[in-house]
1. For A:LYS470, go through the aspartates and glutamates and keep the ones whose alpha-carbon is under 14 Å away, minus same-chain ones fewer than eight residues off.
2. Could you work out the longest stretch of chain B that avoids the GluC sites (Glu not before Pro) located in DSSP loops with at most 11 other Cβ atoms within 10 Å?
3. Taking a probe of 1.4 Å, how large is the accessible area per residue of region B:289-436, in Å²?
4. Considering only the label points, 7 Å along Cα→Cβ from Cα, what distances in nm to one decimal separate B:GLY87 from the same position in each other copy, shortest first?
5. Could you sort A:LYS193, B:LYS375 by their accessible area in this structure, using a 1.4 Å probe and putting the largest first?
6. Kindly identify residues of region B:251-291 having a loss of at least 50 Å² in accessible area between the isolated chain and the assembly of all protein chains, probe radius 1.4 Å.
7. Round to the nearest 10 and report in Å² the accessible area of B:ASP588, as given by a 1.4 Å probe over the protein chains' heavy atoms.
8. Any idea how far the Cα center of region A:115-177 sits from the one of region B:137-213, in Å?
Protein chains: 2
Amino acid sequence: MPIYNAPTKDTQFLLHDVLKISQSDIPGYNELDADFTGAILEEAGKISSNVLHPLNVVGDTEGCRLENGVVRTPTGFKEAFEEVKAGGWTGLDMPEEFGGQNMPYVMGTAVGEMFSASNSAFTMYQGLTHGAASAILAHGTDEQKNTYLPKMVSCDWTGTMNLTEPHCGTDLGLMRSKAEPQADGSYKITGQKIFISSGDHDMADNIVHLVLAKIVGGPEGIKGVSLFIVPKYIVNEDGSLGDRNPATVGKIEEKMGIHGNSTCVMNYDGAVGYLLGEEHKGMRAMFTMMNEARLGVGMQGLCQADAAYQNAVEYAKDRLQGRAVTGVQNPEGPADPLIVHPDIRRNLMDQKSFIEGARAFILWGASMIDAAHRKGDKDADGLISLLTPVIKGFLTDEGYDMTVQAQQVYGGHGYIEEWGMSQYTRDARIAMIYEGANGVQALDLVGRKLAADGGKHVMAFFEMVKSYIKENSGQDEAFDRDFLEPLKAASKDLQAAGMYFMQNATNPNNALSGSYDFMHMFGHVCLGLMWARMGKASLDALANGAEDKAFYETKLTTGRFYMARRLPATAMHLTRIQSGGDTVMSLDAVNF
Amino acid sequence: MPIYNAPTKDTQFLLHDVLKISQSDIPGYNELDADFTGAILEEAGKISSNVLHPLNVVGDTEGCRLENGVVRTPTGFKEAFEEVKAGGWTGLDMPEEFGGQNMPYVMGTAVGEMFSASNSAFTMYQGLTHGAASAILAHGTDEQKNTYLPKMVSCDWTGTMNLTEPHCGTDLGLMRSKAEPQADGSYKITGQKIFISSGDHDMADNIVHLVLAKIVGGPEGIKGVSLFIVPKYIVNEDGSLGDRNPATVGKIEEKMGIHGNSTCVMNYDGAVGYLLGEEHKGMRAMFTMMNEARLGVGMQGLCQADAAYQNAVEYAKDRLQGRAVTGVQNPEGPADPLIVHPDIRRNLMDQKSFIEGARAFILWGASMIDAAHRKGDKDADGLISLLTPVIKGFLTDEGYDMTVQAQQVYGGHGYIEEWGMSQYTRDARIAMIYEGANGVQALDLVGRKLAADGGKHVMAFFEMVKSYIKENSGQDEAFDRDFLEPLKAASKDLQAAGMYFMQNATNPNNALSGSYDFMHMFGHVCLGLMWARMGKASLDALANGAEDKAFYETKLTTGRFYMARRLPATAMHLTRIQSGGDTVMSLDAVNF
């Protein structure tokens, strides 16, 4: 049975030593002192480890079942869902007027990491609801808000997002689902949607489907797509539940992982729908939530990696196999623990340095979303929009790789299901795909975000890195050498790649052939920046006589590892990019 | 339903244009002209695509079942096994005196690729038998050979290899299974073995287990391990089957993949065993087969990657999504096929260039094994011993990554089991683990093989690359620039890494912290060398007026891609290695 311990201490370090959130002028942040956030994280950690985590394997093993049109979730899910609801966790960062606690998004994110790491499939029921509720919050009428939000904030009703159809996922302009206007102002929705996470289940009284469809007679392609609220049960005027809407489950998909979440084919057969936001502006309504949703998926890369890592460390300390090459370290035992072996450490350090860097990146990103939403900070909004595809694409790719590495520590025991390590890789795999496959993230980054607002945001990013290096150099020679110099070099690589794209823009294939490499090198630079900031915060803490020296010294060692062993990947990505698009594009399709 | 097409044309190109096998002086190679090998490969391709491949998904879905102590294989496996046996495929490269066809190992390998790519789990029943038979061939008495080999070559009886125990895998010195000498010269074997592939099943009359155990009273640790033949049914003097040996299945493991193969816990409760080879020399007997076995597993990385790639290409050509950035390419359709998009091509070219390079590497490796075994070529033996961990570790890591990339082309459809892409990654994952986990391969490479025979073989490798470059440069400017220069640079990186290890050998952690990177950079250099050789062969063919121009031009384009986009990874690995062991080793275990 795998273990999971919530990273409360590390999260506190990031919130207070690195991001110094309670000193921020973002509305709501001044209440977030260390005692307050610590208390919340402690409680979230408890429910994660004690309630959600024990159901993770259960969900994987049992999966969801479709019985007479009704989806049954795995044993224990419903009880756990009630416990999460009762604790008020579902509305943590939702407005008070709809029953939430109105905390900043950064807190919702810190808690969300623990929930998702302890049980990803389970937490998706809540996560999709959060996304759907956010869309209603941003685009709904007052009536829609009052009808749906209180129930969704409490998760008495859950939500879904319906975009994909059998013949179109990324290219939603090809959509066939249609919406026919009715005399009463509602629409009749007809069509089939696939890959609908949490599409149906037995844990909520109602399910609020947000469905993209084309209003009959509207514009062609993506410009004719609108967003609709399609409840499983029609809500009567008094708030009670009325007729069953013809929005039914066609089947549950058999998947590689996240078995505990019901991934449904949804059939809409003239279902009653209500326009959410403006006609034909469905994509815009969806995209409002995109930064948050993609940050959430990026976080899943971190989550699965951390859960897998924690177990790999335990195994590496426990399993006795071979002797340290520099001399016996466990003379009383028949062999030394795996963790003495350099390649096992290389593997674990890869994981550790990624996980802690990713956690910093995610929380920094969440704080930018707060700055944008709560303070109206346009620069923060621009920067997080730029970084969103990096967070989503890089963290899920790397997070997946790290689950594979964690599995590898177990040898053959990592391949059998008994130890639970296979589940982490199988569950992590989806994050590279959904909410925009990672290739699409790279395209979004290079094809759209780089040039957005005249390239202002990427220039601001480089300026920020440069300023950071300038402001923090010359104080500690080792820090300059181990942290700032590698960061400078990596940032220069990234700039050179951007320059290459600009200088070779005549043929856009040059840039787009390098988009995936660019996304990864950007991710490395961001993690490098995070490690520099964490390293500096650790030096400061040590200089200020911090009690837990080992914690801060471990941070510095882990950061040095990342800077020396992972960050230099930027040079390789640059070389690939600068080789241009010819070798990528010149083969005729028939010759593949 | 996935497709699989055997790579007959590519294999023929490698055997005849690149390796020029029929001109070799390795005994048996002169018979291998293009017509002969082509006929064999055609037939092997047919049985792969028509018989084995259709059962691949069946095996994954049904898995093996343990019923009253007997393992039932998936529907259709037994019939297919009979067909493979009837075709004489099981003894292709086995000696004629035991019913084989005595072909060189390179042919067994070329055919084995097709079998394994079309159905990995199925082909393991035959593969393990081949391994066990090879051990008996190398170390058995005449009586043992005559008793077991004819039945094993025909696969009427199959074989297994029993090494791992619950508490020890890599470190077999910890082994507890014991062998008690009996008056009649046999032994009583007692102990539990785990992860026994093909451990039991319903497709053979008898199963010949090769079991490592310690003879009671023998030396401690690995020096007291001996190898035993433990048949499921005792073989009577007349060759008929006698008593059931107490060698029974404890359970079948639930695994991430290769569900069609029965991975068994085997319990030996005083089972009758016969010493194979010398007392206490069990590891040596096992290691005799190691180069072949590890090359076979390395090949599985290639196999799963190729099978996954073929499907990804079809999907990328078929699936319409979005428009090419440089202008509409499919004006009649609602969208362009995926394959027009640069990042999809980048992805597919990664796969294609790996697969074709890996195939060359595998067949080159097999030809070295033939040179060593059939010609007694000590240099070939030394070189393939050096390269074996590279073949196993690099090709399975990369092969797995490529299945993940192939799956990614499908978007959400890659994550559901319906399309079969998940199976390729799940099946590919085991190859990184068994037959020595890849970290152990890296350790073997850097800790043992590099310095073997005074470093003679690695020096010979560098010399070979250097000579190759020298002999082939100055004839074609583009070839020098696109192939030879990158190969030279990568080879220099590899040499610099080896130099770093030597210069920093005071602390062995410096080398061992870089072992994994070294294994990967060595793999890239080998694939670079293969691509140079394939590129040169293609130029020669074109110069000689080859009919199928597109084939050779595609080779050149694919090779240029590898050289420009993949090979430069060596520089990154070198940087990591040269950063030393400190960042890897300096954390106390408690701080992970």
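The values are calculated or read from the model by the stated rules, or taken from the named source; none is laboratory data. Just so it is clear, the structure is predicted and the values come from calculations on it, not from any experiment. When we count neighbours, we look across all protein chains shown, and the Cβ atoms used for this are built from the backbone with ideal geometry, even at glycine. Each accessible area value is taken on the protein alone, full model and side chains, heavy atoms only, with ligands, DNA and RNA left out. Shrake-Rupley method; radii C 1.70, N 1.55, O 1.52, S 1.80 Å.
1. A:LYS470 reaches A:ASP480, A:GLU485.
2. B:1-219
3. Working: 3500 Å² over 148 residues.
Computed with neighbouring chains in place, this is 24 Å² per residue.
4. Label point to label point, same position, other copies: 5.7 nm.
5. Numbers: A:LYS193 0, B:LYS375 90 Å².
Greatest to least solvent exposure: B:LYS375, A:LYS193.
6. Going by heavy-atom accessible area, the residues of region B:251-291 that drop by at least 50 Å² are B:MET256.
7. About 100 Å², rounded to the nearest 10.
8. 57 Å
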